[in-house]
Amino acid sequence: MTIELDFCFDFASPNAYFSYKVAPKVEAAIDTQFNYIPVLLGGIFKACDNQAPMLAFAHIKNKPDYERIEIERFIAKHQLNEFNFNPNFPVNTLQVMRGAIVAKDEGILAAYMEAVFHHMWEAPKKMDDLEVIISALNESGLDGEHIMQRTQEPDIKKLLIDNTNATVERGSFGIPTFFVNNDIYYGKDRLRDVEEAVLALQSTAK
């Protein structure tokens, strides 16, 4: 039985980082790999009239404080001790997300994601500055100048737009979003549900 398992991501989201770090445990448990799909969070927000939680919930008494507690619990549970909140947040990720399209096209998406998530959320840098991006990618053993040059190709730009529109059409309104076949799961706290859904499908197929 073929199971389509998609992970729609944007480096702008700390919750995407948390999910990315936990994803290998999920993959090991279900013996299935995520298909990582680069999308643009800003484009999703615009299409859905949505906004970042820190803005959407800023006026609600106690909720922002509770959200911080949940983040701390998630970090502790999964021992994500390398996490450092990016002082430049929010970061415009258009260039690095186009870079993810390039990296996927060239078969180096795994290395690219590792690099950008590191420089965004572990050794945080201003990852919307072109020179900083190139330097960070070079530091991680990638050809930063080549990747960034390719981000200007019309087909690369179009594919990021197409990916973003497609995930909205499937029901996405934010990041991270997961799909198990056509079933949608949103947020880092749904990874357990993703795992259980795949295991159930695998059990049914036996």
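The values are calculated or read from the model by the stated rules, or taken from the named source; none is laboratory data. Please read all numbers here as calculations on a predicted model, not as lab measurements. Don't worry about glycine lacking a Cβ; one is built from the backbone with ideal geometry, like all the others, and counts go over all protein chains shown. Areas reflect the complete protein model, heavy atoms only, side chains present, ligands, DNA and RNA absent. Shrake-Rupley method; radii C 1.70, N 1.55, O 1.52, S 1.80 Å.
Quick look at the values:
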{"quantity": "Taking the chain and dividing mean pair separation by its residue count, relative contact order in percent (alpha carbons under 8 Å, at least six apart)", "calculated": "34"}
{"quantity": "Sequence of C48, C8 when ordered by accessible area, the most exposed leading, probe 1.4 angstrom", "calculated": "C48, C8"}
{"quantity": "Estimated dipole of the chain in Debye, rounded to 20 [Cβ of Lys and Arg +1, of Asp and Glu -1, Cα centre]", "calculated": "520"}
{"quantity": "Accessible surface of the chain [probe 1.4 Å, protein heavy atoms]: carbon and sulfur percent", "calculated": "51"}
{"quantity": "Cα gyration tensor shape of region 28-145, rounded if a/c is under 1.5, else prolate or oblate by comparing a/b with b/c", "calculated": "prolate"}
{"quantity": "Calculated FRET efficiency for the pair I108/I3, C-beta based, R₀ 30 Å, to 0.05", "calculated": "0.75"}
{"quantity": "Sites E122 and E145, calculated FRET efficiency, Cβ-Cβ separation with R0 22 Å, nearest 0.05", "calculated": "0.45"}
{"quantity": "Sparsely packed chymotrypsin sites (Phe, Trp or Tyr not before Pro) within region 71-157, loop by DSSP, other Cβ within 10 Å at most 11", "calculated": "F85"}
{"quantity": "Heavy-atom accessible area ranking, 1.4 Å probe, most first, across R73, R190, R170", "calculated": "R73, R190, R170"}
{"quantity": "Cα gyration tensor category, rounded, prolate or oblate, for the chain with a/c compared to 1.5", "calculated": "rounded"}
{"quantity": "Cα-based shape type of region 78-177, given that a ≥ b ≥ c are square roots of the gyration tensor eigenvalues and the cut on a/c is 1.5", "calculated": "oblate"}
{"quantity": "Candidates A58, A123, A23: whichever shows maximal mean-square fluctuation once the chain is modelled as a Gaussian network with Cα springs under 10 Å", "calculated": "A58"}
{"quantity": "Theoretical gain in end-to-end length, K77 to R190 [0.36 nm per residue, Cα-Cα removed]", "calculated": "39.2 nm"}
{"quantity": "Accessible area per residue, Å², the chain with all protein chains present, probe 1.4 Å", "calculated": "53"}
{"quantity": "Partners for K157 among lysines (Cα-Cα distance below 29 Å; same-chain residues under 8 apart left out)", "calculated": "K21, K46, K104, K125, K126, K188"}
